1. Take the residues of the range 175-205 that are of a type in the set (Asp, Glu) and touching a His at 6+ places or on another chain (Cβ under 9 Å): which is nearest to residue 147 (Cα to Cα)?
2. Within the range 1-40, how many residues turn out to be under 26 Å from the mean Cα position of the chain (by Cα), in a loop (DSSP other than H, G, I, E, B), at pLDDT 50 or above and not basic (Lys, Arg)?
3. Kindly indicate whether any position in the range 201-223 is of a type in the set (Ser, Thr, Tyr) and closer than 15 Å to residue 46 by Cα.
4. For the range 153-173, what are the residues that are part of a loop (DSSP other than H, G, I, E, B) and either touching a helix residue (DSSP H, G or I) at 6+ places or on another chain (Cβ under 8 Å) or under 14 Å from residue 187 (Cα atoms) (or both)?
5. Restricting attention to the range 19-64, and to residues there that are touching a Leu at 6+ places or on another chain (Cβ under 8 Å) and among the charged types (D, E, K, R), which single residue is nearest to residue 148 (Cα to Cα)?
6. Checking residue 88 against (1) over 22 Å from residue 211 (Cβ atoms); (2) touching a helix residue (DSSP H, G or I) at 6+ places or on another chain (Cβ under 6 Å), which test does it fail?
7. Of the residues that sit in the range 86-123 and are among the small types (Gly, Ala, Ser) and touching a Pro at 6+ places or on another chain (Cβ under 8 Å), which one is surrounded by the most Cβ atoms within 10 Å (Cβ to Cβ)?
8. Of all the helices (runs of 4 or more DSSP H) wholly in the range 261-350, which have at least 1 residues that are of a type in the set (Lys, Arg), touching a residue at least 60 places away in the same chain (Cβ under 8 Å) and exposed (fewer than 15 other Cβ atoms within 10 Å of the Cβ)?
Amino acid sequence: MSTIKQHKAPAEEVSLPIIDLSKVDNPATRDEFYKDLGRLVREVGFFYIVGHGIELQTIREFEIIAKEFFALPQEEKDRISIINSPNFRGYIAADHEITLEYPDHREQIDIGEEAATLPKTADSPAWENLQGPNQWPEGDPEFKEKVLQWQSSVRGIAIKLLKAVLVALGQTEDALDDLINGIPSHTLKIIHSPGSDDPRDAQGVGPHKDGGILTVLLQDDIGGLQVLTSDGWIDIPYVEGAFVINIGEILELVTNGYLRANVHQVITPKAGIDRYSIAYFLQPRLAAGTLPTLKLPEHLASLARGPETDPKNPLFDHVGTNALKFRLRSHPDVAKKYYPDEYKLFVSKE
């Protein structure tokens, strides 16, 4: 299999901290790691991790698989369009996902847990429909196998990091196990951002917060990812072999705002340039019910400001409701087709 050349950003261009996750496994470095991590998730909330255990060659091979998917004929990708899926799984053409009421100029495939659709009754909540099968391109069994393998590997990294974050916040590492045990609820987005000089395509992904627990992102060296700080937007350049991590809204809710999810965006590359990225979103299991509030140590709890309020992005403490809201707003065409009542509540402006 061929390899892909990437250009590592010079150290002076990397504006976010890089932490070595393997230090949590070493008793000699563990305490210092927890101390640094506790500071970073509070003060920064966006950082790189290395020492995660996935070899660079494995990363390169999966990047090739991702590119090969987007090279498929358009009609083959359209056959597995997300509009076919009440579970919000499948292919999404460029300009068909919405962020802040405006289309994102990227194509992607959304993949969740391979799980059976839940049986429906008259009293079944709408959010139960989020569990169900994925859609896969025909004639390429390796794609399904490799994608699910990647999803499982990165989930392991996300859970290991989450447990480290909990310890860094004075919790036991199993404090949120009720949210992540059982049938996994997670999303893998394999993304292609085609270049364009049209101002209407400038929004690769609009400014937003991620709705899950943690995001683990693999990006290429094209650039475009930015995070909003007190000093304005800063670029998040490529770092070889590293994942970009950011805090999601669930951690903001369970810490009563001690941690804050970060606003970030992606700028579309120039015409003739293609950007690829692979984002894993660790999410709480759908049936977890109402989110708990962690009992933080007093010196941390005194700094909690409560979850941020935004009329354009209401947060709910019920896992299923929050997850469904996020998907409905991102995909109003799917919402209107399968969730007419919820569409009128969360999406429609008619």
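The values are calculated or read from the model by the stated rules, or taken from the named source; none is laboratory data. Every value quoted in this text rests on a predicted model; they were computed, and no experiment measured them. Note that we place each Cβ from the backbone using ideal geometry, even for glycine, and neighbour counts take in every protein chain shown.
1. Selected residue: 201.
2. 4
3. In the first step, residues of the range 201-223 are kept if they are of a type in the set (Ser, Thr, Tyr); the result is 215.
Pick out the ones that are also closer than 15 Å to residue 46 by Cα and you get 215.
Checked against the condition, which is being of a type in the set (Ser, Thr, Tyr) and closer than 15 Å to residue 46 by Cα, the range 201-223 yields at least one hit.
4. Residues of the range 153-173 part of a loop (DSSP other than H, G, I, E, B): 169-173.
Matches in the range 153-173: 169, 170, 172, 173.
5. 63
6. (1)
7. Per the criteria, the residue is 94.
8. 332-338
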